Amino acid sequence: MQQELHVTVNGAPRTIRCEPDAPLLDVLRHDLGLSGPRFGCGVGLCGACYVLMAGQARSSCDFPAWAAEGTDVTTVEGLAAGGTLHAVQQAFIEEQAAQCGYCTSGMIVSAVALLGRNPSPDEDQVREALEGNLCRCGAHRRIINAVLSAAAAVSHGAARPGASAGPGAAG
């Protein structure tokens, strides 16, 4: 039996009819047509499905949609504002941090969450923040460089961490 879910996604209030036990990832991808969060492992261990909730990176594949009732959810699609990429998104492009791209949205979401709580992380802190994100292509060095580059841009006033997380989204 389907139920109504009221959630703000990427700054827009949404009402969705879904099965109560549907994973949030399925609602985001199938009901809302968002392709940023991806299915990877299905048990919240790879990071491909990460979204921002209350400023924290959270797996959406094992998070029941009903538990998102009344919350703000930001996907990688919701990070850019007014046609301007978030500092982390821009740094990923500049550092060529994506190889196949499958893990990229989750990596970006984790990095945005990190910079939201620590705008000037060191390399060890970046590594720790990305521990829950798997990249099978071996692009970790470029990913770490991108996060450090974004942190430098943020600290020099080029952008604020989480500033582009969308209206109503924590970041």
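Since every read-out is calculated from the coordinates, none of them should be taken as a lab result. Quick caveat: nothing in here was measured; it's all calculated off a predicted structure. Cβ coordinates were reconstructed from backbone atoms using ideal geometry, including for glycine residues, and neighbour counts include every protein chain displayed.
Annotations for the structure displayed:
- Rounded to the nearest angstrom and listed largest first, the equivalent-ellipsoid semi-axes of the chain from its Cα gyration tensor are 27, 17, 12.
- Inter-label distance, nm, simple model (7 Å from Cα along the C-beta direction), Cys137/Ala54: 3.3
- Taking 0.36 nm per residue of sequence separation and removing the Cα-Cα distance, the Glu69/Ala12 pair yields an extension gain of 19.1 nm.
- The residues neighbouring Val73, those whose beta-carbon lies less than 14 Å from its own, together hold a net charge of -2 under the Lys/Arg +1, Asp/Glu -1 convention.
- Contact order relative to length of the chain, as percent, for alpha carbon pairs under 8 angstrom and 6 or more apart: 27
- Region 97-136 versus region 5-66: alpha-carbon centroid distance in Å: 19
- Among 126-137, 106-117, sorting by the average number of other beta carbon atoms lying within 10 angstrom of each residue, highest first, gives 106-117, 126-137.
- Of the residues Leu115, Gly157, Leu5, the one whose Cα sits farthest toward the positive end of the charge dipole of the chain, with +1 on the Cβ of Lys and Arg and -1 on the Cβ of Asp and Glu, is Gly157.
- Computed per residue of the chain from DSSP H runs no shorter than four, each worth -39500 (n - 2.57), the mean residue ellipticity at 222 nm is -8000 deg cm²/dmol.
- Per the Cα gyration tensor, region 109-154 maps to an equivalent ellipsoid with semi-axes of 17, 11, 8 Å, ordered largest to smallest.
- Its Cα gyration tensor gives region 25-98 an equivalent ellipsoid; the semi-axes, largest first and in whole Å, are 22, 15, 11.
- Compared with the direct C-alpha span, the chain from Gln96 to Glu19 gains 23.8 nm at full extension, assuming 0.36 nm per residue.
- Summing Lys and Arg as +1 and Asp and Glu as -1 over all other residues whose Cβ lies under 13 Å from the Cβ of Gly101 gives a net charge of +3.
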